[in-house]
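Okay, structure first, notes after.
The values are calculated or read from the model by the stated rules, or taken from the named source; none is laboratory data. Worth saying up front: this structure is predicted, and the values here are computed from it rather than measured. Every residue, glycine as well, gets a Cβ built from its backbone with ideal geometry; the counts of neighbours run over all protein chains shown. When the accessible area is computed, the model is the full protein with side chains, heavy atoms only, and any ligands, DNA or RNA have been set aside. Shrake-Rupley method; radii C 1.70, N 1.55, O 1.52, S 1.80 Å.
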Amino acid sequence: MKALEVKNLKVVFPTEEGIVRAVEGIDIEIEQGQCAAIVGESGCGKSVTSLAVMKLLSTPPAIVRMDKLEMNGMDILHLTDKQMQQVRGKDVSMVFQDALTALNPVMTVGKQIDEIFLAHGKLNFLDGQEGQKKHINVRKEAKRRTIEALKLVGISDAELRYKAYPHQLSGGMRQRVLIAMAFACNPHLIIADEPTTALDVTIQAQVLDILKDLQKKQNTALMLITHDLSIVMNMADVIYVMYCGKIVEKANTRELFMKPLHPYTMGLLGSIARLDDKRGKFVQIPSSLPSPMRKPAGCYFHPRCTYATDRCRQEMPHLEELENGRCIRCWNYQEIQNAGK
Ligand code: SF4
């Protein structure tokens, strides 16, 4: 059973200036315990995708359509808002980029995590000795589990931090609190949207280690949204590369890093290539993402692609499935590979 299965997701925003097609029919599948990264430049539709999967987009203004949305075999697509509130936090949870905005500023972090256990943590009874069920003090139990959760994400003096307000913690510690909240009820799926972008490099690495460690220990599926390929190298099992609302390449992480097929993926790799990288064949991508209201005809990437041909300027390539579930959207990927040999 898959932790997440999304089929043909489309998200459109009607605006005064025109229609914004933010996501144009994408499919995502994540196995239990697997980490799938959605990678692309800011504005490519990856965050909108994650919000659509969580059913957190306001409709209107957004128009969201998909053929299938299942989490762990459960049909999420047809759930009401009220039912969805039960699913969020228990079956799926999210780690946002900006912990300061995501956390309630007037509530201690401990109480905020308590709320999750109280809402979804089945604290009414605990199994007593000899199979007897006994009443427990649910608030005390929530606090005990919260302190445990804070320790799990490496927060020292957890009892003390329990009473801290978000502004009294460092950025890295706040992000750890968000991770503790996300894992609190052992959900099947966690969606982390640029979870470390706001942090400095050293803290970034520590926070990613915690995320990866908990994901493996709890066998949770993780959908990691990022613009930075370098952070997914050691975390993701599979990578979806997104451009202008479409998936342009999908591959397992090793294959994608060893042998990227799409010129956009090559460009993303070029932006993280080290000075001592002997491959030297990945060049950075010129100019920037086109406006979502004025996407070019044909392949959306053609104005930035060194390999563009007349066909690329006229016809959108389809997403071709290769072996091992690998997918590529490019008319010329074979010629590009042959030329690079
Ligand atoms: Fe470049 Fe053409 Fe491939 Fe698009 S289809 S990525 S323009 S070569």
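Please give the number of the condition ASP276 fails out of (1) of a type outside the set (A, V, I, L, M); (2) at pLDDT 85 or above; (3) farther than 17 Å from LEU229 by Cα. Every condition holds for ASP276 apart from (2). Would you pick out the residues in region 169-192 that are of a type in the set (Lys, Arg) and without any contact (Cβ under 8 Å) to a residue 60 or more places away in the chain? Across region 169-192, the qualifying residue is only ARG176.
Residues of region 145-202 that are among the acidic types (Asp, Glu) and over 23 Å from LYS90 (Cα atoms): ASP157, GLU159, ASP200. Against the conditions (1) surrounded by fewer than 18 Cβ atoms within 10 Å (Cβ to Cβ); (2) within 9 Å of the ligand (Cβ to nearest atom), HIS302 satisfies every one except (1). Any chance region 246-253 includes a residue that's surrounded by fewer than 13 Cβ atoms within 10 Å (Cβ to Cβ) and either at pLDDT below 95 or not aromatic (Phe, Trp, Tyr) (or both)? The answer is no; no qualifying residue exists. Considered as a group, the residues in region 52-70 that are among the charged types (D, E, K, R) and under 18 Å from ALA221 (Cβ atoms) include one that is nearest to the chain's Cα centre (by Cα), and that residue is LYS55. Within region 20-38, the presence of a residue that is in a loop (DSSP other than H, G, I, E, B) and either closer than 24 Å to MET293 by Cα or among the acidic types (Asp, Glu) (or both) is excluded. Say we look at region 322-333 and pick out the residues that are within 16 Å of the ligand (Cβ to nearest atom) and not aliphatic (A, V, I, L, M); which of these is most open to solvent (accessible area, probe 1.4 Å)? This residue is TRP331. So in region 308-321, with the set limited to residues that are within 12 Å of the ligand (Cβ to nearest atom) and not in a loop (DSSP other than H, G, I, E, B), which one is most open to solvent (accessible area, probe 1.4 Å)? Looking at residues that are within 12 Å of the ligand (Cβ to nearest atom) and not in a loop (DSSP other than H, G, I, E, B), I get GLN314.
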